[in-house]
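A quick write-up on the structure given underneath.
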Amino acid sequence: MNGIIENLEETPEQLLKLLDDSQKLFEHVVSRKIKKIMITGSGTSYHSGEQMQQLMRQKSGLPVDAYYPFKLTDEIFNAQKDNSHTLFIGVSQEGGSLTTFNAMNMAKKHGCIVASMSGTEDAYINKVADEKLTVAVGKETVGPKTKGYYTTKLNLLLLSEYIGIDNGHISRSDFDEDVKELKTTLKQFPNSLKRAINWVEENKKDLAHAHDIRISGPASLYGDVLESTLKILEACRLPITGYEFNEFIHGVYNAINSQSTLFFIDNGSEGKLNRIIKILSEWTNKIYIVDGSNISDQQKFGYDIKVPRQFETFIYPILFQVIAALVPGENGIDPCIPKDPDFHQKMGSQGN
């Protein structure tokens, strides 16, 4: 069995367990009366923060911003004179990112409450953390991580909801309704995964011959666009980029030609999508639409879902993760094994 697919199959159960165990995990950090949240991480960890920051603002009523570690400077922290109620969350799925660790140290120097969010209790980044908000899923043994992405997103969401309850921004009944809708969404995950596997199996030979790939989606799923791009890049090892829809039409279209493969995520929020597809169809016949309908054919994949827009993020990346799992084998690549398993040791980019 493909390890990436196994992790995806385990994901909804892990998410439901996080839901059930969440209150105890967050009760102490919530008592600190947080007034601002900053999130940092690299790769998948950054994408989780990028994807969830707006929803976290809505649920917590607080400023929430995601940063790559290299973007953080003393000036950013100095702009707010009192950081004692700023929660700075370092996310590292395996817990060893030195860039994230260094950013957490910078935040601590400037007086922030520093939290770690990783997949293991003994994470290296825990050494500098005041709060350990562990995403209790353990390490994923395959190269491209998927389960940790969903669980980190849920952890960030739940944290913001508990803060929102504590500061009066949302009610307990609002929280209970969100939990109900989340559970309804997660019940649809297995069928969405099954549909994605079937579609990729039917189309993987064509996808394996892709020369270059572009993924575009709405602003509300931008973090998912970035993460989907990274997963295919990691596993398939071919040129791929991802863009928010309106950024795509500001120049990227110039690079599209008959060799290009395009994926457009359509959640119904972008009115100009059909127009650009009509234009680009004159340049390439490799255009795929990904939406929530029950229609799947050679040019379209539908998840057959009915989920609240705010929780679509727990479904829409699935297809691209399945592509990362199943397409590389067509070119003799094992996607579960990094090209160089010792790369981070050679680079000295992870702590032990």
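The values are calculated or read from the model by the stated rules, or taken from the named source; none is laboratory data. Only a predicted model underlies this, so the values are computations on that prediction, with no experimental measurement involved. Counting neighbours? That spans all protein chains shown, and the Cβs are built from the backbone with ideal geometry, glycine included. Keep in mind that these areas ignore ligands, DNA and RNA; they rest on the heavy atoms of the full protein, side chains included. Shrake-Rupley method; radii C 1.70, N 1.55, O 1.52, S 1.80 Å.
For first residues located in the stretch 120-134 and over 19 Å from GLN23 (Cβ atoms), partners that are part of a loop (DSSP other than H, G, I, E, B) and open to solvent by less than 10 Å² (accessible area, probe 1.4 Å) and lie 6+ apart or on another chain with Cβ distances below 6 Å form the pairs THR120/GLY95; ALA123/GLY95; TYR124/GLY95; TYR124/GLY96; ILE125/GLY95. Just to verify a result, which residue in the stretch 277-293, among those that are β-branched (Val, Ile, Thr) and over 21 Å from SER228 (Cα atoms), is most open to solvent (accessible area, probe 1.4 Å)? Per the stated criteria, the residue is ILE279. Evaluation of ARG32 against the conditions (1) in a helix (DSSP H, G or I); (2) open to solvent by 70 Å² or more (accessible area, probe 1.4 Å) shows that the sole unmet condition is (1). Considering every residue within the stretch 78-89, establish whether at least one is on the phi > 0 side of the Ramachandran plot, modelled with pLDDT under 95 and not basic (Lys, Arg). Looking for residues that are on the phi > 0 side of the Ramachandran plot, modelled with pLDDT under 95 and not basic (Lys, Arg), one finds none in the stretch 78-89, hence no.
Against the test of being open to solvent by less than 50 Å² (accessible area, probe 1.4 Å) and of a type outside the set (Ser, Thr, Tyr), the options ASP266, ASP334, ASP304, ASP297 yield a single qualifying residue, ASP266. When each of SER228, SER171, SER192 is tested for being more than 30 Å from GLY61 (Cα to Cα), hydroxyl-bearing (Ser, Thr, Tyr) and touching a helix residue (DSSP H, G or I) at 6+ places or on another chain (Cβ under 8 Å), the lone residue that passes is SER192. In the set ALA136, ALA129, ALA79, only one residue is hydrophobic (A, V, I, L, M, F, W, C) and farther than 21 Å from VAL30 by Cα; that residue is ALA79.
So in the stretch 209-226, with the set limited to residues that are in a helix (DSSP H, G or I) and open to solvent by 10 Å² or more (accessible area, probe 1.4 Å), which one is nearest to LYS306 (Cα to Cα)? Here the answer is SER220.
Residues in the stretch 173-200 that are among the β-branched types (Val, Ile, Thr) and within 18 Å of LEU19 (Cα to Cα) were compared, and the one that is surrounded by the most Cβ atoms within 10 Å (Cβ to Cβ) is THR185.
Condition check ((1) in contact (Cβ under 8 Å) with a residue 24 or more places away in the chain; (2) over 18 Å from PRO218 (Cα atoms); (3) assigned to a loop (DSSP other than H, G, I, E, B)) across all residues:
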position: ILE279; (1), (2), (3): yes, yes, no
position: GLU282; (1), (2), (3): no, yes, yes
position: PHE301; (1), (2), (3): yes, no, no
position: ILE305; (1), (2), (3): yes, no, yes
position: GLU312; (1), (2), (3): yes, no, no
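Number of residues in the stretch 127-160 that are surrounded by fewer than 24 Cβ atoms within 10 Å (Cβ to Cβ) and farther than 30 Å from ALA325 by Cβ equals 6. Checking LYS17 against (1) assigned to a helix (DSSP H, G or I); (2) modelled with pLDDT under 95; (3) within 18 Å of the chain's Cα centre (by Cα), which single condition isn't satisfied? Single failed check for LYS17: (3). Residues considered: GLY3, GLY61, GLY41. Of these, the only one that is touching a Ser or Thr at 6+ places or on another chain (Cβ under 7 Å), surrounded by fewer than 19 Cβ atoms within 10 Å (Cβ to Cβ) and either acidic (Asp, Glu) or in contact (Cβ under 8 Å) with a residue 40 or more places away in the chain (or both) is GLY3.
Closer than 16 Å to LYS300 by Cβ, at pLDDT 95 or above, of a type outside the set (Gly, Ala, Ser) and not in a strand (DSSP E or B): which single residue out of ASN198, ASN191 fits that description?
On the way: ASN191 fails: closer than 16 Å to LYS300 by Cβ.
Of ASN198, ASN191, the one residue that is closer than 16 Å to LYS300 by Cβ, at pLDDT 95 or above, of a type outside the set (Gly, Ala, Ser) and not in a strand (DSSP E or B) is ASN198.
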